[in-house]
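I have placed the structure first, in the form of structure tokens, so that the comments after it can refer back to it.
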């Protein structure tokens with residue numbers, strides 16, 4: 001599998017991701033080189049905090065750009081697993097929330113959604129978030145098709161397929177503990193999403209918006225569902241496809257870690273980006289970060305041990321008849 005040539009599906013998805021990244025990368029280069037395009041107050045971009053944040057976000061998008069290119073090339077199939085999985089885990093968690101919430105926000109509020117009243121012009125937000133949506137959809141699609149070729153076992157085995165696990169007791173304790181914490185985090189976010197204000201700083205209450213509530217709702221629901229999915233993965237019982245709970249746990253843990261880390265960076269750097277991450281919000285974001293990290297580590301143990309399973313008969317889909325060789329091949333051939 002390591003030398004398979006990328007097919008039209010994977011190449012097209014990667015090209016969509018690359019094309020969506022270019023405007024954002026160009027904007028960051030302009031800001032970092034002193035061109036305040038799209039900024040009403042040029043001094044904002046000279047702030048050391050903004051320079052650091054722009055450098056960091058440029059680097060993150062540049063990593064995504066390289067990975068998108070790697071998904072189309074043979075050498076990309078030979079990259080170390082961690083070099084692909086770690087940034088994609090964080091990236092899909094961050095971008096997935098944007099892909100879900102921003103289109104709904106535009107449908108409800110229109111383009112006024114991007115008029116924040118801050119030093120950044122509304123058209124910049126429109127371009128950036130439009131690019132994030134294209135980047136998220138393209139990158140995630142290309143990654144799924146890439147992973148389907150490189151790690152077919154994750155797509156072709158049932159959840160209960162037997163494999164040797166020396167860390168199963170550890171995984172069980174971690175997954176159940178993460179579920180307890182995620183339930184509290186998720187319930188808190190859902191409470192805020194439906195209009196609750198307890199624990200929120202006055203600034204956050206004053207800046208409440210539909211999209212903000214929607215993001216809290218998506219993050220809260222993802223935390224609960226993802227933690228349940230992790231417990232299901234660790235129990236490893238049943239004939240359902242392994243990939244189903246894997247996708248839920250992957251997205252939820254990556255989202256929790258990525259957005260929690262971003263919030264903690266804002267708390268640490270302060271300045272114009274500090275925002276309303278204060279009080280109880282800080283605690284929620286901190287535990288979100290730590291729980292996402294623990295879930296990711298648990299998943300890494302599980303995937304490492306399960307990766308030793310050889311290629312096997314594909315899991316039988318509900319609408320398929322008896323498993324046959326043709327069914328097995330359809331699980332990982334084509335759409336590369």
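Computed from the coordinates by the stated procedures, all read-outs in this text should not be read as laboratory data. Remember, it's a predicted structure, so these values are computed and weren't measured experimentally. Note that we place each Cβ from the backbone using ideal geometry, even for glycine, and neighbour counts take in every protein chain shown.
For residue 237 paired with residue 56, estimate the spin-label separation in nm (one decimal), with each label point 7 Å from Cα along the Cα-to-Cβ line. In this crude spin-label approximation the distance works out to 4.3 nm. What FRET efficiency comes out for residue 308 versus residue 69 if R0 is 30 angstrom and r is the Cβ-Cβ distance? Round to the nearest 0.05. My answer for the efficiency is 0.50. Taking every alpha-carbon pair within the range 1-150, the share separated by more than 25 Å comes to 35 percent. Taking each residue as 0.36 nm, the span from residue 83 to residue 207 lengthens on full extension beyond its C-alpha to C-alpha distance by 40.8 nm.
Over the range 143-192, what portion of Cα pair distances is larger than 11 Å, expressed as a whole percent? Of all Cα-Cα distances in the range 143-192, 77 percent exceed 11 Å. Spin-label pair residue 161-residue 12: with each label point 7 Å from Cα along the Cα-Cβ axis, the two points sit 2.8 nm from one another.
Spacing of the modelled spin labels on residue 176 and residue 40, each 7 Å from Cα toward Cβ, amounts to 5.5 nm. Here the translational diffusion coefficient of the range 168-315 follows from Stokes-Einstein with Rh set to the Kirkwood radius across Cα pairs; for 25 °C and 0.890 mPa s it amounts to 152 µm²/s.
Using a Förster distance of 45 Å, how high is the FRET efficiency between residue 32 and residue 168, based on the Cβ-Cβ distance and rounded to 0.05? With a Förster radius of 45 Å, E is 0.40. The C-alpha atoms of the chain define a longest principal axis, and helix 210-235 lies at about 20 degrees to it. Treating r as the C-beta distance of residue 247 and residue 121 and R0 as 25 Å, the FRET efficiency rounds to 0.10. Return one number: the angle in degrees, 0 to 90 and rounded to the nearest 10, between the long axis of the Cα atoms of helix 8-32 and the longest principal axis of the Cα atoms of the chain. With rounding to tens, the tilt is 20 degrees. The range 25-80 and the range 192-252 have Cα centres separated by 28 Å. To the nearest ten degrees, helix 168-193 and the longest principal axis of the Cα atoms of the chain are 40 degrees apart.
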